[in-house]
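A.B. asks: Below: one structure in structure tokens.
The values are calculated or read from the model by the stated rules, or taken from the named source; none is laboratory data. Computed from a prediction, not measured in an experiment: that's the story for all the values here. Because the Cβ atoms are built from the backbone with ideal geometry, glycine has one as well, and the counts that use them run over all protein chains shown. Please note that ligands, DNA and RNA were not included when accessible areas were found on the heavy atoms of the full protein model with its side chains. Shrake-Rupley method; radii C 1.70, N 1.55, O 1.52, S 1.80 Å.
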Amino acid sequence: MTPKELNACGITQPDIILVSGDAYVDHPSFAAALIGRALWDAGFTVGIIAQPDWRDHKFKSFTQLGEPRLFFAVVPGAVDPLVNAYTPALKKRSKDSYSPGGKLTRPERTTIVYVNALHRQYPKTPIIIGGIEASLRRFAHYDYWSNSVRQGILADAPASLLVYGMGELALIEIAKRMRNGDPAERLRDIPGTCWTMSVGEFRKNPLDDAVLLPSYPDVIDKRKFANAYAVMYRDGHKQLVQPHPKTVIIANPPMRPMTTDELDHLYELPFTRRQHPSYQEPVPALEPVQFSLVTHRGCFGGCSFCAITHHQGRIITSRSEESLIREAKRITEMPEFRGTIQDVGGPTANMYGCSCKIWETGTPCPDKNCMKCGKFTNGTERQLALLERLRKLPKVKHVFISSGIRYDLIPKDDLGDRYLLELREHYISGHLKVAPEHISTHVTELMNKPPGRVFSDFYTRFEQLQTRETPKGKNRQYLLPYLMSSHPGCRIEDMIDLALYLQKYHLYTEQVQDFTPVPMTLSTAMYYSGIHPLTQKKVYVPVGGEKRIQRALLQWKDPKQYDLAIAGLIQAKRSDLIGDLIPAAHVRSFKEKKR
């Protein structure tokens, strides 16, 4: 991170300099560390500039390591910078968990700001962009924070290439080709990358084999925006082209997923699992993951509102048990380790070990909906075997699953009962995290989540096992449901139904997520266009004050939400419920204020 450290490694000029929006934490959950270790392992020297001072008009912090031999790579962070900066209600956050002391240090549109600063200082040096911010903005996209459709990020940032998805393989290929003398402008055939060509060149060579998307600014039209999303959804495995006024953006087909051996090797690189020693304050994001294990990549859940599938892909690549055991043993040797492995999982913990013959062909399923297809092999037994081996390691007192599970993946047989009992007995501490999100059928359909009855059946099963199998003196476990308000298609009446459902089953939770339209997701396309891109049917979209009311209805026990909850009940003509959900004393106060 400093010239002194480069000199200590015998490096006069690094091959690649990563510019990170996160503090530098040498842990595989942090993008700069993961990419940096992968490049170093592939034979390249790497410097890291973490959280440069973008407010300095001389941009000194961008030049502290000099010019790289090959290229700069901008990796803005583990979380989308705008999601990191604002709440769903568009209120500025007061803390950044990926910065020392939680201080706010990064610009809101991190990639664009960093790239322009680098280009100003080193106009001839190639710049590669990647990470979740660039990946989800590779084409024209709806931007919730400005309430506008913006052009693809390569039209705003003077970068040579964009790497989308999990970028290790693509970035290593770029580095190898550039080391062999290929200039960045000729690297047009690498999977998992986007590049640009001039409008004039495109007219001469229109790339007839590629799929043409509606252009920008045409996609500002809501119907055309929905149509563009439908094409991306259907043909995302092909080369896609989207013309812009001053450039044409081309996305090559996705990079193949890593193999199990490659993933094992990557996560067994010598991460220290510590923040850089120059930091005087702790980086908050490290504490909950420092002693965690990533078991797999990918998520085939296909939730309409989630960006994980678009970034990690639908195909599950699971690490081997032996690799995870070796990594766990190294964790137990750290002097800070106190006996608890904090999490064993991935985007969804019990997708570990799942496999499918169709995934092996590399050809996507036509409907891209593995949960409804159900032809995959369930990994429950593999996960249980792994957890048991981890639990029996010397120095390990507890092994927890903190990343949550898909309850609709749990087998409906004796194996599923055993799975739930072992979770309760060993792998959860008080609460099991699940994400029904909603219970109204038409809302869950738009979310691509299982219907409410599936959650109800699971809840009943979980409670029956608790009652029947909990040993005397053993603390019972509870479900912690994650719920979402104001998703497209959801009305105030649906939130009232959900509130009554939670009240009936004593499942009140403060863990309520107000829907945030992040680029590239199906839900965001519905939010902006008011159309379901895949069915072309109109979708109701809650906005403005209704979003606040919907959230308040799920937090009816919070006195701060009483007035909004009452307003929602009145608006839905359900005044009969006011005394049921809201204390009578506050109802009288509310009426007096209205008078």
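A.B. asks: Listed residues THR377, THR340; which is more than 18 Å from GLY236 (Cβ to Cβ), open to solvent by 60 Å² or more (accessible area, probe 1.4 Å) and touching a strand residue (DSSP E or B) at 6+ places or on another chain (Cβ under 6 Å)?
C.D. replies: Step by step, each of THR377, THR340 is checked, and only THR377 is more than 18 Å from GLY236 (Cβ to Cβ), open to solvent by 60 Å² or more (accessible area, probe 1.4 Å) and touching a strand residue (DSSP E or B) at 6+ places or on another chain (Cβ under 6 Å).
A.B. asks: If you don't mind, there's one more thing I want to ask. Out of the residues in segment 555-571 meeting the condition of being more than 19 Å from TYR501 (Cβ to Cβ) and of a type outside the set (D, E, K, R), tell me which one is farthest from the chain's Cα centre (by Cα).
C.D. replies: For segment 555-571, the residue satisfying everything is ILE570.
A.B. asks: What number of residues in segment 547-581 are within 12 Å of ASP514 (Cβ to Cβ) and open to solvent by less than 30 Å² (accessible area, probe 1.4 Å)?
C.D. replies: The total comes to 7.
A.B. asks: Of the residues that sit in segment 98-140 and are open to solvent by less than 10 Å² (accessible area, probe 1.4 Å) and among the aromatic types (Phe, Trp, Tyr), which one is nearest to PRO245 (Cα to Cα)?
C.D. replies: Applying the filter and picking the extreme gives PHE139.
A.B. asks: Pairs only if they're at least six apart or on different chains, beta carbon under 6 angstrom, first in segment 390-406 and more than 17 Å from GLU336 (Cβ to Cβ), second modelled with pLDDT under 95 and among the charged types (D, E, K, R); list them, first residue then second.
C.D. replies: Qualifying pairs under 6 Å: GLY404/LYS433.
A.B. asks: Say whether the condition of being assigned to a loop (DSSP other than H, G, I, E, B), of a type in the set (D, E, K, R) and modelled with pLDDT of 95 or more is met by at least one residue in segment 32-50.
C.D. replies: Checked segment 32-50: no residue is assigned to a loop (DSSP other than H, G, I, E, B), of a type in the set (D, E, K, R) and modelled with pLDDT of 95 or more.
A.B. asks: Right, something else. Identify all residues within segment 148-201 that are open to solvent by less than 20 Å² (accessible area, probe 1.4 Å), part of a helix (DSSP H, G or I) and not charged (D, E, K, R); write none if there are none.
C.D. replies: ILE153, LEU154, ALA170, LEU171, ILE174, ALA175, ALA184, listed by residue number.
A.B. asks: Right, here's the next one. Kindly provide the set of residues from segment 298-312 that are open to solvent by 20 Å² or more (accessible area, probe 1.4 Å) and in a loop (DSSP other than H, G, I, E, B), ordered by number.
C.D. replies: Start the filter on segment 298-312 by keeping residues that are open to solvent by 20 Å² or more (accessible area, probe 1.4 Å), which leaves 303, 305-306, 308, 310-312.
Scanning segment 298-312 gives CYS303, PHE305, CYS306.
A.B. asks: Of everything in segment 359-389, what is free of Cβ contacts under 8 Å to residues at least 40 places away in the same chain, under 21 Å from ASN448 (Cα atoms) and outside any loop (DSSP other than H, G, I, E, B)? Give them in sequence order.
C.D. replies: Within segment 359-389, LYS372, CYS373, THR377 meet the criteria.
A.B. asks: Hey, any hits in segment 77-87 for a residue that's among the β-branched types (Val, Ile, Thr), touching a residue at least 24 places away in the same chain (Cβ under 8 Å), closer than 11 Å to GLY21 by Cβ and surrounded by 21 or more Cβ atoms within 10 Å (Cβ to Cβ)?
C.D. replies: no
A.B. asks: For segment 182-191, check the following and say yes or no: at least one residue is of a type in the set (Lys, Arg), closer than 17 Å to LYS124 by Cα and free of Cβ contacts under 8 Å to residues at least 60 places away in the same chain. Let's see the steps before the verdict.
C.D. replies: Filtering segment 182-191 down to residues of a type in the set (Lys, Arg) leaves 186, 188.
In the following step, the residues that additionally are closer than 17 Å to LYS124 by Cα were identified as 186.
Okay, now just the ones that are also free of Cβ contacts under 8 Å to residues at least 60 places away in the same chain, so 186.
Yes, there is a match, as at least one residue in segment 182-191 is of a type in the set (Lys, Arg), closer than 17 Å to LYS124 by Cα and free of Cβ contacts under 8 Å to residues at least 60 places away in the same chain.
A.B. asks: Check off (1) within 25 Å of GLY236 (Cβ to Cβ); (2) touching a residue at least 40 places away in the same chain (Cβ under 8 Å); (3) in contact with a strand residue (DSSP E or B) (Cβ under 7 Å, 6 or more places away or on another chain) for MET178 and give me the number that stays unchecked.
C.D. replies: (1)
A.B. asks: Filter segment 143-200 for residues that are of a type in the set (Asp, Glu) and under 21 Å from the mean Cα position of the chain (by Cα); which is nearest to LEU118 (Cα to Cα)?
C.D. replies: Among them, the one singled out is GLU168.
A.B. asks: If you don't mind, there's one more thing I want to ask. Does PRO471 meet the test of being buried (at least 23 other Cβ atoms within 10 Å of the Cβ) and either assigned to a strand (DSSP E or B) or at pLDDT below 85 (or both)? Steps first, answer last, please.
C.D. replies: Details: buried (at least 23 other Cβ atoms within 10 Å of the Cβ): no; either assigned to a strand (DSSP E or B) or at pLDDT below 85 (or both): yes.
Against the criterion (buried (at least 23 other Cβ atoms within 10 Å of the Cβ) and either assigned to a strand (DSSP E or B) or at pLDDT below 85 (or both)), PRO471 does not qualify.
A.B. asks: Of everything in segment 17-47, what is farther than 24 Å from ALA285 by Cβ and either surrounded by 23 or more Cβ atoms within 10 Å (Cβ to Cβ) or touching a Gly at 6+ places or on another chain (Cβ under 8 Å) (or both)? Give them in sequence order.
C.D. replies: Listed by number, the list is empty, since nothing qualifies.
A.B. asks: Looking only at segment 266-285, count every residue that is in contact with a Ser or Thr (Cβ under 8 Å, 6 or more places away or on another chain) and either outside any loop (DSSP other than H, G, I, E, B) or β-branched (Val, Ile, Thr) (or both) and tell me the total.
C.D. replies: Here the count works out to 4.
A.B. asks: Of all residues in segment 486-506 being in a loop (DSSP other than H, G, I, E, B) and open to solvent by 60 Å² or more (accessible area, probe 1.4 Å), which is nearest to GLN550 (Cα to Cα)?
C.D. replies: Per the criteria, the residue is ARG491.
A.B. asks: Next question. Does segment 272-288 include one or more residues that are crowded, with 20+ Cβ neighbours inside 10 Å and more than 30 Å from ASP514 (Cα to Cα)?
C.D. replies: Checking segment 272-288: at least one residue is crowded, with 20+ Cβ neighbours inside 10 Å and more than 30 Å from ASP514 (Cα to Cα).
A.B. asks: Among the residues of segment 426-448, is any on the phi > 0 side of the Ramachandran plot and exposed (fewer than 13 other Cβ atoms within 10 Å of the Cβ)? If you could, list the steps in order and put the result at the bottom.
C.D. replies: Step one: of segment 426-448, the residues on the phi > 0 side of the Ramachandran plot are 430, 437, 448.
Narrowing the set further to residues that are exposed (fewer than 13 other Cβ atoms within 10 Å of the Cβ) leaves 430.
The answer is yes; a qualifying residue exists.
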